[in-house]
Amino acid sequence: MEAVNKTQTKKNSQIAEIWRRLRKNKAAMIGLVIISIFAFFAIFAENIASYEEFAVKQNIRERLQPPSSEHIFGTDGYGRDVFARLIHGGRISLTIGIVSTAVSVFFGAILGSMAGFYGGKIDNFITRITDAVMCIPAILLALCVASALGNGMINLMIAISISQIPGFTRVIRSVILTLRDQDYIRAARSCGTSDARIIYKHILPNAIGPIIVQATMAISDMILTAAGLSFIGMGIAPPQPEWGTMLSEAKEHIRYAPYLIAFPGISIVLNALSFNLLGDGLRDALDPRLKD
Amino acid sequence: MLKFVLKRILLMIPTILLVILIVFSIMNLAPGSPGRLILGQTAPQEAVDQLNEELGYNNPFLVRFANYILDICKGDFGNSYRTGRPVFEEVLNRLPVTLKLSTCAIILMVSIGVPIGILSAVKQYSAMDYFFTISAMFLAAFPVFWFGLMMILTFSLHLGWLPSNGAETWRHYIMPIITLSLPYLAIVMRLTRSTMLETIRQDYVRTARAKGASEKTVIFKHALKNALLPIITIIGMTFGLMLGGAVLTETVFSLPGLGTMIVTAIRLKDIPQVMAAVILLSVMFSFIMLIVDLLYAAIDPRIKAMYKKG
């Protein structure tokens, strides 16, 4: 019992230590604050502005109104409130970013640990496939998958996750290669622990640092790719308010309503930037030796 | 050396076959048979079935794949579902625009990004270094299509300096080139900075300083020469990313390149057209990586020596 408590405190203190280092990093904190603000609006989007009433219902009489006290970010070409669409769009963009990263990490962890742990033929096979997938420019791969599966949020998430899996597979494989021959892994194996348990219990926890850093950065990539696919009409279909979709709709009104281009773009930039800043900060906080 | 080159080229063949297999399988998931797609929704089922039979669509997947590969070896990428003409013709027509765009963007990126990266590393922690680091952070977060739209807004609609779409003159290329290079400029700046920082700390750089070499010699002859290898890899990889990024840039500026062609072809479900373009771009990317590998060996005497022995 006592031993359990001891490891518990040790774990906590490690997290506390990482958090203490992270807190000192101003850029990472700015990123975290921006993400929290967007997340707040995304979570409470329905309470702030009803989806049915403000984000998708067309109101031609109020179309293309510049920002005012009633519509703080103005209205779009169908008279919908841009602010309401932005916060509901944030819901979609953040969900896509986070869920597809989680999916990529999951498959990357399975493939990467299999390749790194077993080596030999399995490693060769997995590495060959990842190399081939990495030869296809990510956005093109996502485009192909999206076009084969059709529009929609789930399909978009599948499309962009697939293009990120090879990256995670590589990172996880390389971490596991360095851990595979450590003594404590040998000890675990000599106790008759199953391979799956060794990977899950003894190897992956040690690989968690690089995975978290890579994942945070990947969220930013995913948000950009998802917005790009929606922008060319292969992602979230109108009238759903995804940021890329909003930009693509705003293109028609670029002459009279430039604010329609500004706000979704700024949201994408701020989110992508914040996840990058946070990822950078996490890398330094998790491994202070890496800091240049 | 020749043996190494040959070995690398031979190793590319399975990778390219795998790339084709992956693209082929993904595009096969698309609903609808080629017969239906060519003849349209209203065509009678018998005609569709007959056409499918003629096109070999009813064969097993692997047979179709093998036939596709054999056709490609003969230079035949199939005919467009929409126009009935060989897709490769259209791809070759569009390729120069994309190549011009990405090559110029690479040149712009290297000529700005690498010097700035070196400068930031040499003057680490100076105001200039912070300024460039922060700008790189912002640039990396810019979606290319948004930046393109903002450029159109400023330089075409407000100032009227540059045309917003088309590819008739060199002036049409200015905004797309800048747009495409910006996010990658950020990557190159950051990575050049970090590799330079790493080499500046090496013992041989300290030795060079100690023996009294001028700062210029130290940076350019001792540090940069060694930092060049990773920088070349980065540039090669960026080229691949750019081929993808070109899709978005071309869409924003309506440039008639491969990217816009792929997007139109995907909308019209013109599968042979999409596959030909994606395969061509991926093969180009692997060739660029091959060239990077060869350059590596050519520049680095250590690697060269390794292959001479073997």
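The values are calculated or read from the model by the stated rules, or taken from the named source; none is laboratory data. Small disclaimer: the values here were computed from a predicted structure and weren't measured. We place every Cβ from the backbone using ideal geometry, glycine too, and count neighbours over all the protein chains shown.
Just to check your reading of the model, which residue among B:LEU243, B:LEU268 is of a type in the set (A, V, I, L, M) and in contact with a Lys or Arg (Cβ under 7 Å, 6 or more places away or on another chain)? First the steps, then the outcome.
Details: B:LEU243 fails: in contact with a Lys or Arg (Cβ under 7 Å, 6 or more places away or on another chain).
Unique residue meeting the criteria: B:LEU268.
Applying the selection to region B:32-71, what residues are in a loop (DSSP other than H, G, I, E, B) and either at pLDDT 80 or above or at negative phi (or both)? Step through it out loud before you land on a result.
Taking region B:32-71 and keeping what is in a loop (DSSP other than H, G, I, E, B), we get B:32-33, B:40-44, B:56-60.
Scanning region B:32-71 gives B:SER33, B:GLN41, B:THR42, B:ALA43, B:PRO44, B:TYR57, B:ASN58, B:ASN59, B:PRO60.
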Problem set entry | Total residues in region A:19-42, condition polar (S, T, N, Q) and either in a helix (DSSP H, G or I) or at pLDDT 85 or above (or both) | 1
Exercise. Picking from B:GLY148, B:GLY78, B:GLY117, which residue would you name as being out of contact with any Cys (no Cβ under 8 Å at 6 or more places or on another chain) and not assigned by TED's automatic domain parsing to the domain that holds B:LEU280?
Worked result: B:GLY78
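Among the residues of region A:43-50, are any at pLDDT below 70 and more than 28 Å from A:GLU252 (Cβ to Cβ)?
Our first condition is that a residue be at pLDDT below 70; within region A:43-50, this holds for none.
Within region A:43-50, not a single residue is at pLDDT below 70 and more than 28 Å from A:GLU252 (Cβ to Cβ).
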Exercise. Do we find that B:ALA105 is of a type in the set (A, V, I, L, M, F, W, C) and either exposed (fewer than 15 other Cβ atoms within 10 Å of the Cβ) or touching a Gly at 6+ places or on another chain (Cβ under 9 Å) (or both) in this structure?
Worked result: yes
Problem set entry | Failed condition for B:TRP170, given (1) within 14 Å of chain A (Cβ to nearest Cβ); (2) closer than 30 Å to B:PHE145 by Cα | (1)
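Can you find a residue that is farther than 20 Å from B:ALA141 by Cα and more than 13 Å from every other protein chain (Cβ to nearest Cβ) anywhere in region A:230-237?
yes
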Problem set entry | Failed item in (1) under 27 Å from B:LEU268 (Cα atoms); (2) assigned to a loop (DSSP other than H, G, I, E, B); (3) of a type in the set (A, V, I, L, M), with A:ILE72 passing the rest | (1)
Exercise. Looking at region A:87-181, what helices (runs of 4 or more DSSP H) fall wholly within it and have at least 3 residues that are over 15 Å from the mean Cα position of the chain (by Cα) and away from every other protein chain (no Cβ under 13 Å)?
Worked result: A:120-135, A:153-179
Exercise. Within the bounds of region B:174-197, is there any residue that is assigned by TED's automatic domain parsing to the domain that holds B:LEU294, surrounded by fewer than 19 Cβ atoms within 10 Å (Cβ to Cβ), touching a helix residue (DSSP H, G or I) at 6+ places or on another chain (Cβ under 8 Å) and not in a helix (DSSP H, G or I)?
Worked result: no
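Going by what's in this entry, would A:ILE176 be described as under 29 Å from A:ILE35 (Cβ atoms) and touching a residue at least 60 places away in the same chain (Cβ under 8 Å)? Before the answer, list the steps.
On the way: under 29 Å from A:ILE35 (Cβ atoms): no; touching a residue at least 60 places away in the same chain (Cβ under 8 Å): yes.
No, not satisfied.
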Problem set entry | Out of B:THR264, B:THR238, B:THR260, B:THR233, sole residue that is more than 9 Å from chain A (Cβ to nearest Cβ), buried (at least 24 other Cβ atoms within 10 Å of the Cβ) and of a type in the set (Ser, Thr, Tyr) | B:THR238
Seminar exercise, completed: Reported set for region B:1-31 where residues are modelled with pLDDT of 85 or more and of a type in the set (Phe, Trp, Tyr) is B:PHE24
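Can you confirm whether region B:121-140 contains a residue that is acidic (Asp, Glu), assigned to a helix (DSSP H, G or I) and within 14 Å of chain A (Cβ to nearest Cβ)? Give the steps one after another, and end with the answer.
Of region B:121-140, the ones acidic (Asp, Glu) are B:129.
Now narrow it down to the ones that are assigned to a helix (DSSP H, G or I): B:129.
This time we only want the ones that are within 14 Å of chain A (Cβ to nearest Cβ), so: B:129.
Taking every residue of region B:121-140 in turn, at least one turns out to be acidic (Asp, Glu), assigned to a helix (DSSP H, G or I) and within 14 Å of chain A (Cβ to nearest Cβ).
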